[in-house]
Structure formats: C-alpha cells, structure tokens
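Heads up, the thing below is written out as structure tokens.
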Amino acid sequence: AGIGKCVAMDLARRNARTILACRSRERGQAAVEEIRAVTGNPAVLLGLLDTGSLASVRAFASAVLRQEQRLDLLVNNAGVTGLPFAITSEGLEQTFATNYLGPFLLTNLLLG
C-alpha cells in the first residue's frame, strides 16, 4: 500500500521485473495481481519479508540471490510507527529492527 505500491506500479509500467517484498501473503498477492492487471506486466512477483525479523531478511535475501541473475534497484520502504514497546524473538526492539536493522541487513546481503 502507499508509497511502496506506487513505486512498484511505476517500475512495472516501465516493464521492470518487480519483486514486492511484503509481510502479508494475502495483501501482497492482491497488490501483485492489481499491478499486473493495470500495467500488463506479468513479471511482478511476490516475496515474503518481515524486516522486523533478521531471519526473515536473511531468507528473503538468500532467495533473491538464488533466483535472480542481477538486481538493479532496491527500494527500502518498509516502516512502522506508533507501535507499543516490544522485543522481537531475536531480542531487538521491534520498531528499531523493522525500520533500521532489517533494511540495513537486507541492503548489505544483496550487495553480495
């Protein structure tokens, strides 16, 4: 939703192979189908990613590196605000993990 979906829509309109990295399979698949329908680009794909979980980040990055020959552009757009204080299963503060640590790790893993 929001800025991320608009960016994905624009990239798909430009005929880019576009991977949406989403926490929710249902919402992500709905966005993929909408973007494919609007743009006519069948190369819009869904990957599951929770940037608040470093294990999820590692799994997503590993899958991208295995499945894709190259990566030309990465848009880190995930973020949360206003959540109550919580600690992740990895011992990290949830908001900090989601907004900073996850995207930082993802970027570095995808750089190769």
Amide H contacts of L46 (H built 1.01 Å from N, under 5 Å, at least 5 apart or other chain): L20
Helix axis angle, 2-13 relative to the chain longest principal axis, alpha carbon, degrees: 30
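Let's test the formula: R0 of 30 Å, r as the Cβ-Cβ distance of L65 and I3. What FRET efficiency results, to the nearest 0.05?
On the way: r = 25 Å, r/R0 = 0.85.
E between L65 and I3, to the nearest 0.05, is 0.75.
Which residues make up the longest stretch of the chain clear of trypsin sites (Lys or Arg not before Pro) that lie in a DSSP loop with no more than 13 other Cβ atoms within 10 Å, not counting the sites? Mind dumping the intermediate values first?
Values: sites that count: R14, R70.
The longest such stretch corresponds to 15-69.
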The chain, accessible surface, carbon-and-sulfur percent (1.4 angstrom probe): 55
Per residue solvent-accessible surface (Å²) - the chain, probe of 1.4 Å: 64
Descending principal axes extents, region 1-48, alpha-carbon based, whole Å: 25, 19, 15
Geometric extent, Cα atoms of region 46-112 - Rg, Dmax (angstrom): 12.3, 40
Accessible-area value, I19, 1.4 Å probe, nucleic acids and ligands omitted, Å²: 60
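To the nearest 0.05, how large is the calculated FRET efficiency for N76 and E33 if R₀ is 35 Å and r is the Cβ-Cβ distance? Display every interim value, and only then the final one.
Working: r = 24 Å, r/R0 = 0.68.
With R0 = 35 Å, the Cβ-Cβ based efficiency is 0.90.
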Percentage relative contact order, the chain, counting C-alpha pairs under 8 Å, at least six apart: 25
Angle between the chain longest axis and helix 102-111 axis [Cα atoms, degrees, rounded to 10]: 60
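The values are calculated or read from the model by the stated rules, or taken from the named source; none is laboratory data. Model, not experiment: these values are computed from the prediction. Here the Cβ is made from the backbone with ideal geometry for all residues, glycine too, and neighbour counts use every protein chain on show. Ligands, DNA and RNA are excluded from the accessible area calculation, which covers all protein heavy atoms including side chains. Shrake-Rupley method; radii C 1.70, N 1.55, O 1.52, S 1.80 Å.
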